[in-house]
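Just below is one structure, and these are the notes that go with it.
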Amino acid sequence: MTMTTSAVPARPGAVLPPLRIGPLTIDTPVVLAPMAGVTNAAFRRLCRESGAGLYVAEMVTSRALVERGEESMRIISHEPDERPRSVQVYGVDPATVGAAVRLIASEDRADHVDLNFGCPVPKVTRRGGGAVLPWKRDLFRAIITAAVDAARPYGIPVTVKMRKGIDDDHLTYLEAGLVAQEVGVAAVSLHARTAADYYSGTADWDAIAQLKAAVTDIPVLGNGDIWSAEDALEMVAQTGCDGVVVGRGCQGRPWLFADLAAAFAGSDERIRPGLGYVATIVRRHAELMVEHFGDEGKALREMRKHMAWYFKGYIVGGETRAALGLVSTMAELDERLARLDLDQGYPGAGAEGQRGRAGSPKRPLLPYGWLDSRDLSPEFAKALHEAELSVSGG
């Protein structure tokens, strides 16, 4: 097993103080973005073992949470030593979102609640949710007000994660940021793409700088195209943001949080893992997944998606790579990891850069007539109440 470190130019001028989110102090101003099927308790533990930050659970829908769906309650479960505990709630109905946040806060199930206004996937946007919801400004205000009011008696800070807007002709982020600040949200995060951009192209960091210039009373966090600690420092330098949100960049690389912690502390030390180190982390991840799900078969099926991310850039061999992507048991995993050249060093650029989904721009699916007005009609309000998703984690 090999692991090396390499020196890169330190940027002490870009190092930030701890991030304050309401009463919470996050020593390293880094947030793990909630990702469906990825940021469960097992992956969050791996990240916490690597570095410091705020680690957000998978998105849970407000309706499913209020109905106490088994999967939803599992999603918001945390390990005893996980602090602060962070969950993300999605919803399109103010009353339901408020009830979900009240459940979380009153039952002491989290120390922080984030509201999802950034999801671009069709099953969310076609219901008027996620990244397209702030277009209805009164609905956006009503939802975040309901959440803040529900959380306030318990001292739980509420934050907002959003995108720039629906597309370049329907931008909402500056107005939404100011509304969030006014209502009492503790911080706002901007994924610097529109819903139409999906995950394609290059994130518009200039938009993060514009939001930071407009929203001055609460922290502004930047999200988009952070593949390395150097990217995070560059985003801070370019935008003046108060912290960064990391999503796809940590897929198959939970040790990225060690790099980020070092970078924000002013250190130039970085982890450059050899294949033996990667195999050890994969094995640890699988063990934690089995503990989390309590079902070895389900845990290993969930691990399959992570394999391509973990072994990106390493010489593994097509047959072994395919076999790792079909693993079903811990015994199979051990056998397939043993085939690897565990003395193989870090491959350099091949293991760096973009990972996870990217694709091309997509025309957002919207409710019929959604763009006709910035205000919510009674008919739309009724339809949205009835359209609350009843499943979580997507």
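The values are calculated or read from the model by the stated rules, or taken from the named source; none is laboratory data. In this text, all values refer to a predicted model and were calculated from it rather than measured experimentally. FYI the Cβ positions are ideal-geometry reconstructions off the backbone, even for glycines, and counts take in every protein chain you see. SASA here: full protein model, heavy atoms, side chains in, ligands and nucleic acids out. Shrake-Rupley method; radii C 1.70, N 1.55, O 1.52, S 1.80 Å.
The antiparallel fraction among DSSP beta bridges confined to the chain stands at about 20%.
Determine the calculated [θ] at 222 nm for the chain from helices alone, applying -39500 (n - 2.57) to every DSSP H run no shorter than 4 residues and normalising by the residue count; nearest 500 deg cm²/dmol.
Working: 15 runs with 153 residues, N = 394.
Calculated at 222 nm, the ellipticity per residue is -11500 deg cm²/dmol.
Summary of the geometry: segment 30-93 and segment 266-323, compared by the centres of their Cα atoms, lie 20 Å apart. Pairs of lysine residues in the chain that meet both criteria, 8 or more places apart or on different chains and Cα atoms under 17 Å apart, total 7.
Amide H contacts under 5 Å for Ala57: Ser86, Val87, Gln88, restricted to partners 5 or more places along the chain or on a different chain, H placed in the peptide plane at 1.01 Å from N. Label positions at Glu296 and Glu182, each projected 7 Å from the Cα along the C-beta direction, are separated by 5.8 nm.
A straight chain from Tyr368 to Asp108 at 0.36 nm per residue would run longer than the Cα-Cα distance by 89.7 nm. At a probe radius of 1.4 angstrom, the accessible area of the chain per residue rounds to 38 square angstrom. For the pair Arg304 and Thr216, a Förster radius of 41 Å applied to the C-beta separation gives a FRET efficiency near 0.35, rounded to the nearest 0.05. Simple rule: put +1 on each Lys or Arg Cβ and -1 on each Asp or Glu Cβ in the chain, find the dipole, and look at Ser50, Tyr173, Phe257; the Cα lying farthest toward the positive end is Tyr173. Computed 3J(HN,Hα) for segment 195-201, one whole-Hz value per residue from the Karplus formula 6.51 cos²θ - 1.76 cosθ + 1.60 where θ = phi - 60°, is 4, 5, 5, 6, 10, 8, x, glycine and proline marked x. One chain, two ends: Ala237 and Glu67. Fully extended at 0.36 nm per residue, the span grows by 56.8 nm beyond their Cα-Cα distance. Only protein atoms count toward the accessible area here, which uses a 1.4 Å probe; on the chain, the carbon and sulfur part of that area reaches 51 percent. Our summary gives segment 259-359 a relative contact order of 34 percent, counting only alpha carbon pairs under 8 angstrom and 6 or more residues apart. The GluC sites (Glu not before Pro) of segment 59-135 meeting both criteria, a DSSP state outside H, G, I, E and B (loop) and at most 12 other C-beta atoms within 10 angstrom of the site's C-beta, are Glu107.
Rounded, prolate or oblate: which one fits segment 13-166, using the alpha carbon gyration tensor with axes a ≥ b ≥ c (rounded when a/c is under 1.5, else prolate when a/b beats b/c, else oblate)? Verdict is rounded for segment 13-166. What helices does the chain hold that run 20 Å or longer along their axis, going by alpha-carbon atoms, with a Kyte-Doolittle average of 0.5 or more, using DSSP H for the helix calls? Helices meeting the span and hydropathy rule in the chain are 137-151.
Computing FRET efficiency as 1/(1 + (r/R0)^6) for Ser377 and Arg357, where r is the C-beta to C-beta distance and R0 is 35 Å, gives about 0.55. For Leu115, the residues whose amide H sits under 5 Å from its own are Val89, Thr159, Val160, Lys161, ignoring neighbours fewer than 5 places away on the same chain, with H placed 1.01 Å from N.
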